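The values are calculated or read from the model by the stated rules, or taken from the named source; none is laboratory data. Keep in mind the model is a prediction, meaning the values are calculated, not measured. We place every Cβ from the backbone using ideal geometry, glycine too, and count neighbours over all the protein chains shown.
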Amino acid sequence: MKKWMIGCFLLGSWMTGAAVAEKSSYPNILMIVVDDLRPQLGCYGYPETHSPHMDRLASEGTLFETAYVQVPVCGASRASMMTGLYPTASRFVTYYSSVNVDTPSVVDIPGYLRRFGYTTISNGKIYHQKDDCTNSWNEISRPDDFRVYLKAENQKLKGNQQAAYESADVPDDAYPSGKMVNKIMGDLQRAHASGEPFFITAGFTKPHLPFNAPKKYWDLYDRDSLAVADNPFAPKGAPSQSLHQWNELRDGYGGMPPEGPVSDELARTLIHGYYACVSYTDKLIGDLLDELERLEMDEETIVILIGDHGWQLGEHALWCKHALFETSLHTPMIIKAPGFTAGQRSKALVEFVDLYPTICELAGLEQPYHLQGKSLVNVMKNPKAAHKPAIFARYHGGETVRTARFQYSEWQGGAAMFYDHQLDPDENINRLNNPTYAKAIARLKELLVEHRKRL
């Protein structure tokens with residue numbers, strides 16, 4: 001294995017017009033992180049969603065059907081994923097969690113790859129906190145892209161009166177995500193010229209609120225034909241701790257009801273905006289995949305596509321994330337890597353702490369000692385292989401364990417919920433007190449206890 005010193009090459013050596021250098025023995029890595037992306041894509045069995053480019057990536061790689069985040073909120077989820085560490089009661093807890101504060105001595109994915117000569121470039125939203133782990137990157141590009149409005153009437157609105165959605169008749173690069181992709185294509189061109197291995201990220205903020213996307217992506221959908229959630233109610237017997245008032249949307253944007261549910265008309269508009277943003281991001285992902293192919297780097301580059309958690313679209317009378325339901329924890333995960341069979345699908349239970357060890361194994365690197373996840377490479381070799389008996393998540397004092405069939409969550413103070421996904425995949429009935437499941441519930445409780453001991 002080659003031995004490299006951190007910082008042994010400079011970004012200035014990446015000259016676009018230079019001759020292509022000798023290729024590195026390490027694979028390139030493009031990691032695509034999409035904010036608030038639920039697995040409602042064509043490749044996940046939802047043909048109503050226009051996602052041809054993410055579907056294309058799935059046809060070229062391995063799609064993980066049951067991939068789960070550790071925390072259903074941006075800051076904590078990303079910190080956990082980037083360090084390969086599970087959250088605890090005092091680590092990676094909230095929206096504002098950061099590696100710098102919670103685990104300052106732990107090396108994250110880009111920091112580790114830099115030790116082996118990788119150029120690491122962060123584009124867009126990778127960590128929630130802009131100043132988190134800045135020393136891990138050769139370059140960071142993260143312009144303000146949260147609430148960018150292009151319509152004059154929306155630009156006049158301030159604070160929590162701002163619009164929750166916007167359809168502007170503009171080109172792709174009028175919004176920040178399109179500008180980011182133009183910048184990343186330049187990164188790829190420089191990487192191609194240098195021959196050095198790269199870890200380049202594309203952190204898309206859409207479909208995070210506000211649902212702002214060019215009009216042509218709204219036009220892909222017939223609003224009146226969009227279905228609203230068929231379970232817009234709290235699960236029967238669900239503890240109050242499992243629910244929330246979706247204040248991210250309700251209190252953050254204008255036109256929302258101060259209490260109670262949204263109307264079907266508003267729900268369809270919000271769903272329309274969410275889908276439009278998914279399709280907008282999908283097109284931009286396609287631009288990156290096309291550029292890799294144009295540069296003839298597609299066969300030597302690992303491409304990873306993930307969300308940072310799920311999102312509710314009215315299910316259980318909820319919007320946004322912030323819950324321990326399937327809709328908040330389940331998100332897409334697709335990995336394309338050189339040498340693996342294309343178009344594979346795996347039902348193995350996988351979690352986001354597994355990404356760090358997977359990247360290490362795919363790159364031929366020894367894993368750091370601190371990692372708590374398990375590499376997915378064996379599953380990529382054999383999609384029918386077992387991986388883990390259960391996945392684990394937590395949020396706001398609640399802890400969840402999920403097996404192939406069952407999901408159990410408990411909170412401090414004794415509140416709990418239990419769902420049978422074989423009979424109730426939408427989690428509409430809390431079967432905690434059904435004696436039929438006593439043995440299964442006891443086993444899930446044991447798994448939680450064992451998990452806590454390992455942390």
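Looking only at residues in segment 307-328 that are among the aliphatic types (A, V, I, L, M) and not in a strand (DSSP E or B), the one that is surrounded by the most Cβ atoms within 10 Å (Cβ to Cβ) is Ala323. Among the candidates Asp173, Asp169, the residue that is without any contact (Cβ under 8 Å) to a residue 24 or more places away in the chain and acidic (Asp, Glu) is uniquely Asp173. Among residues of segment 377-389 that are touching a residue at least 12 places away in the same chain (Cβ under 8 Å), those with a Cβ under 7 angstrom from a residue that is hydrophobic (A, V, I, L, M, F, W, C) and surrounded by fewer than 18 Cβ atoms within 10 Å (Cβ to Cβ), sequence gap 6+ or separate chain, pair up as Val379/Ala385; Met380/Phe340.
Among the numbered conditions (1) crowded, with 20+ Cβ neighbours inside 10 Å; (2) free of Cβ contacts under 8 Å to residues at least 60 places away in the same chain, the only one that Glu259 does not meet is (1).
Checking the stated criteria, Gln162 turns out to be surrounded by 18 or more Cβ atoms within 10 Å (Cβ to Cβ) and more than 21 Å from Asp282 (Cβ to Cβ).
Taking the listed residues Gly314, Gly339, the one that is free of Cβ contacts under 8 Å to residues at least 24 places away in the same chain, among the small types (Gly, Ala, Ser) and at positive phi is Gly339, with no other qualifying. Restricting Gly203, Gly186, Gly178 to those that are under 21 Å from the mean Cα position of the chain (by Cα), of a type in the set (Gly, Ala, Ser) and part of a helix (DSSP H, G or I) reduces the list to Gly178. When Asp144 is tested against (1) at pLDDT 95 or above; (2) closer than 18 Å to Leu209 by Cα, exactly one condition is not met: (1).
Being touching a strand residue (DSSP E or B) at 6+ places or on another chain (Cβ under 8 Å) and small (Gly, Ala, Ser) is the filter here, so list the residues in segment 268-287 that pass it. Within segment 268-287, Gly273, Ala276, Ser279 qualify.
The numbered conditions (1) modelled with pLDDT of 95 or more; (2) within 25 Å of Glu166 (Cβ to Cβ); (3) surrounded by fewer than 16 Cβ atoms within 10 Å (Cβ to Cβ); (4) more than 22 Å from the chain's Cα centre (by Cα) are all true for Arg250 except (3).
Checking Asp102, Asp132 one by one, the residue that is surrounded by fewer than 24 Cβ atoms within 10 Å (Cβ to Cβ), without any contact (Cβ under 8 Å) to a residue 40 or more places away in the chain and of a type in the set (D, E, K, R) is Asp102 and no other.
All of (1) loosely packed, with under 15 Cβ neighbours inside 10 Å; (2) aliphatic (A, V, I, L, M); (3) more than 26 Å from the chain's Cα centre (by Cα); (4) within 29 Å of Leu305 (Cα to Cα) hold for Ala193 with one exception: (1).
Residues that are at pLDDT 95 or above, over 17 Å from Met31 (Cβ atoms) and surrounded by fewer than 18 Cβ atoms within 10 Å (Cβ to Cβ) are absent from segment 91-98 altogether.
Within the set Thr66, Thr49, Thr119, Thr83, the sole residue that is surrounded by 16 or more Cβ atoms within 10 Å (Cβ to Cβ), β-branched (Val, Ile, Thr) and under 18 Å from Leu329 (Cα atoms) turns out to be Thr66.
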